[in-house]
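Rule-based calculations on the coordinates, nothing more; no lab input. The shown structure was predicted, so the numbers you read here are calculated from the model rather than taken from an experiment.
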Amino acid sequence: MKLHHLRNLVAVADANSIRGAARAQGLAQPAITRGLRDLEKELGVPLLERHGKGVSLNAYGQSFVVRARSILHDVERGRQEIEQLKGKGEGRVSAGLSGAVFLSLVPQVYDSFRKEYPDARLSLTEGLFPAMEPQLKDGSLDFYVGPRPVGDIDRFYTAELLFHNPRVVVARKGHPLGKARSLRELTGAEWIMTGVRQPVDVEFVEQFAVHGLPAPRSVTETLTTLPIVALLTSTDALAFLPPQWTSNALFRDSLQQIPVEEELQGPDIVLIRRSAMPLTPMAEKLATLFERASGTPFKSPRIRAATTEEAVQEN
């Protein structure tokens, strides 16, 4: 099995056609076709389904292309690692970050990283672990920093607890309920549901239920930063959000915390990476900067890290 076989398969998966894959690879169509047949012969199964509009991956192909992408990403990471060890500050680092991490840690991390690696290509994507996990698994992302996902974490990954992150009630500045001191006073308000659990209403309802209160009936669901900000600043809606939303200079003049007496729980912020694959020096530096910005890092006893052997077998 050769790398160009894997590149051809990934190109066909992306283009949904052999012609498109050949164009993307700068190769003739027969070369792509021969490579795919060689790969299918070696694996002993067909990988493609051919139809009038082109080709698509069958169940075998869909499964194998995930591994192919991971191998190709790791080969490229290996090449970049050699270049970085030779003293070249070039390469790519990709991290998936939650909105709270962008607000709280990125301002501290960004300048330090750029001073050491001014020529690096840095990719920072907002999202939560369930959406980021496929890219983390195939190597598109080096690591994830954000709320701990619900349930057990696959032993394919290791996770470090960076800090505990509670929730606060957030509203626009000058909100008519700004002087409220209990959730009971806020149950009749409009609310925005956010959260890391699916379905998102579970986390929202629990915040009230744990204090013996019914959940509000007027609720809008949205998960990304821009819609949340737009609704909070232009309406009387409220939301449970991390405290970084009201302490950050970006929103300090437009959002406020309503200091209710109840303790509001939120998921811890963790850093998750693949167990068996070390980060490149550049990516390791970025991860270390996030750890330092969070305070003294430590491994959470609630997350068992897989051994290298286990992770390789899992992969």
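For the reader, a short list of remarks on this structure follows.
- GNM flexibility winner over the chain from 23, 155, 77 (Cα, springs under 10 Å): 23
- Taking the convex hull of Cα positions in the range 168-258, its mean projected area over all directions (nm²): 5.4 nm²
- Our summary gives the chain a relative contact order of 22 percent, counting only alpha carbon pairs under 8 angstrom and 6 or more residues apart.
- Taking the range 168-258 and dividing mean pair separation by its residue count, relative contact order in percent (alpha carbons under 8 Å, at least six apart): 49 percent
- Residues whose amide H comes within less than 5 Å of that of residue 55, counting only those at least five positions distant or on another chain, are 17, 18 (H built at 1.01 Å from N in the peptide plane).
- For the chain, the longest principal axis of the Cα atoms and the long axis of helix 59-85 meet at an angle of about 90 degrees.
- Top of 286, 136, 213 by mean-square fluctuation, Gaussian network on the chain, Cα under 10 Å: 213
- Relative contact order (%) - criterion: Cα under 8 Å, at least six apart; region: the range 3-68: 35 percent
- Under-5 Å amide H pairs with residue 222, H placed in peptide plane, nonlocal only: 193
- Angle in degrees between helix 281-294 and the longest Cα principal axis of the chain, rounded to the nearest 10: 10 degrees
- GNM top mover of 224, 288, 33 - the chain, alpha-carbon springs below 10 Å: 33
- Sequence-distant residues sharing a close amide H with residue 163 (under 5 Å, placed H): 269
- If the convex hull is drawn through the Cα atoms of the range 3-68, its volume per residue in Å³: 73 Å³
- Size check on the chain: the Cα extents along the three principal axes, sorted descending, read 71, 50, 35 Å.
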